[in-house]
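Novice: Take this structure, written in structure tokens, and hold onto it; I'll ask about it next.
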Amino acid sequence: MKDKLPPLATLGPLVALLAACLFFATQSDRFLSAGNFSLILQQVMVVGVIAIGQTLIILTAGIDLSCGMVMALGSIVMSKFATELGLPAPLAIVCGVAATTAFGLLNGLLVTRIKLPSFIVTLGTMNIAFAITQLYSNSQTVTDLPPMLTALGNTFSLGQTEFAWGALLMIGLYLLAWFVLRDTAAGRHVYAVGNNAEATRLVGIPTQRVLLGVYVMAGLCYGLAALLSVARTGVGDPNAGQTENLDAITAVVLGGTSLFGGRGLVLGSLVGALIVGVFRNGLTLMGVSSIYQVLITGMLVILAVATDQLSRKGAR
């Protein structure tokens, strides 16, 4: 399982990140500035937290296409509950996170109880979450949010550079997920289910409960990402999440987690998110059109999946 990861899957993403940084450093004098790295962290913190939940699901050989839309729903729920219903900000945040967690529970129940493929389930719930978000918000952005909802968008000084509190939260969540997956029985069960669900069931591990727990925890991550999205933009945006689902999957794949389940490191997903952020930031500094940024991101995904396939063949 995780102890048998091929070196390429473990070190490849980090090498790619360092190579990208070196390349863009030669193209722009501003790239290596501390302020620019702080900006990259702010730009990837929402997708980075979504990618934690996506990693858990992909480790079990599933996939979640609904993550971006569910995140957007959570941001609208907490924003409107705070502004229109007048709920205290902490309670509004809890309600938004509860909404995304409920979607995670729904996804998990459909996968574990009805035995539907995760791709089909989450494709359906993606559209459901999008429709609910648009209907509940009347497709209008929610503004005039209380300060607590946007507090994680505030910055603190480290040396002469300002860093967002939300980026610090993202890093903390990754460290927590890394510890759980590496050092707890629950984490080992996630890898085992992704490796061989039937063999795992035969040794007495409740595979369906593990899968359900994974989808619920993923929903919780989407709720925290919703809070970060609100904090970063200062509004509840019903059109958020349009690209975050694919961006999160891209981050996980670039980070070395196998789409076939059972192999990968959650910290790799953070590296994958940073790779995407570095490429977009560096290409922007170079004046490259955004459409080419999308093109290059797509090529990186194909390269990462091809590398995963080659490493799987080499491990046999």
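The values are calculated or read from the model by the stated rules, or taken from the named source; none is laboratory data. Fair warning: this is a prediction, and the values are worked out from it, not measured in the lab. All Cβ positions, glycine included, derive from the backbone under ideal geometry; neighbour counts span all protein chains shown. SASA here: full protein model, heavy atoms, side chains in, ligands and nucleic acids out. Shrake-Rupley method; radii C 1.70, N 1.55, O 1.52, S 1.80 Å.
Novice: Around residue 126, with a cut-off of 15 angstrom between Cβ atoms, what is the net charge of the other residues, counting Lys and Arg +1 and Asp and Glu -1?
Specialist: Surrounding charge for residue 126 is -3.
Novice: Distance between Cα centroids, the range 244-263 to the range 144-196: provide it in whole Å.
Specialist: Answer, in whole Å: 17.
Novice: Could you tell me whether the range 1-110 comes out rounded, prolate or oblate from its Cα gyration tensor? Rule is a ≥ b ≥ c as square roots of the eigenvalues, rounded for a/c under 1.5, then prolate if a/b exceeds b/c, otherwise oblate.
Specialist: Details: a/c = 3.63, a/b = 1.41, b/c = 2.57.
Verdict is oblate for the range 1-110.
Novice: What percent of all Cα-Cα pairs in the range 63-204 falls in each 10 Å bin, counting up from 0?
Specialist: P(r) for the range 63-204, in whole percents per bin: 10, 27, 33, 22, 8, 1.
Novice: Using a 1.4 angstrom probe and counting only protein chains, how large is the accessible area of residue 26 in Å², to 10?
Specialist: Roughly 100 Å² of residue 26 is accessible to a 1.4 Å probe.
Novice: I'd like to compare 103-114, 226-237: which one has the highest average count of other Cβ atoms within 10 Å, and what's the full order after that?
Specialist: So the order, starting with the most tightly packed, is 226-237, 103-114.
Novice: Mind running the shape call on the range 184-316? Use the C-alpha gyration tensor, a ≥ b ≥ c as the square roots of the eigenvalues: rounded below 1.5 for a/c, prolate if a/b tops b/c, oblate otherwise.
Specialist: Working: a/c = 3.05, a/b = 1.42, b/c = 2.15.
In terms of gyration-tensor shape, oblate.
Novice: In terms of the Cα gyration tensor, with a ≥ b ≥ c the square roots of its eigenvalues, is the range 62-112 rounded because a/c is under 1.5, prolate because a/b exceeds b/c, or oblate? Write down the numbers at each step before the final one.
Specialist: Values: a/c = 3.87, a/b = 2.36, b/c = 1.64.
It is prolate, given that a/c is not under 1.5 and a/b is the larger ratio.
Novice: Also, quick follow-up: Through the Karplus equation 6.51 cos²θ - 1.76 cosθ + 1.60, θ set to phi - 60°, convert the phi angles of the range 27-41 into ³J(HN,Hα) values in whole Hz; use x for Gly and Pro.
Specialist: Karplus values, whole Hz, x for Gly and Pro: 9, 8, 5, 7, 4, 7, 6, 4, x, 5, 5, 4, 5, 4, 4.
Novice: Which of 69, 286, 126 moves most in a GNM of the chain, Cα contacts under 10 Å?
Specialist: In this elastic network of the chain, the residue with the biggest mean-square fluctuation among 69, 286, 126 is 286.
Novice: In the range 15-170, what percent of the accessible surface is made up of carbon and sulfur (1.4 Å probe, ligands and nucleic acids excluded)?
Specialist: 69
Novice: Could I ask something else about it? With only Lys, Arg, Asp and Glu charged, each at its Cβ (+1 for the first two, -1 for the last two), find how big the charge dipole of the chain is about the Cα centre; round to the nearest 20 debye.
Specialist: Numbers: 16 positive and 12 negative charges, 203 e Å.
Rounded to the nearest 20 debye, it is 980 debye.
Novice: Match the structure shown to one of the listed values (1) 15.5; (2) 19.8; (3) 16.6 of mean projected area of the Cα convex hull in nm², computed from it, and give that label.
Specialist: The listed entry that was calculated here is (3).
Novice: Further, regarding this structure: So, for the chain, what is the accessible surface per residue at a probe of 1.4 Å, expressed in square angstrom? Present the calculation step by step, with values, prior to reporting the outcome.
Specialist: Working: 14360 Å² over 316 residues.
Result: 45 Å² of accessible area for each residue.
Novice: When each pair of different Cα atoms in the range 207-265 is counted once in the 1/r mean, what is the Kirkwood radius in angstroms, to one decimal?
Specialist: Values: mean 1/r = 0.0748 Å⁻¹.
For the range 207-265, inverting the mean 1/r across all distinct Cα pairs yields 13.4 Å.
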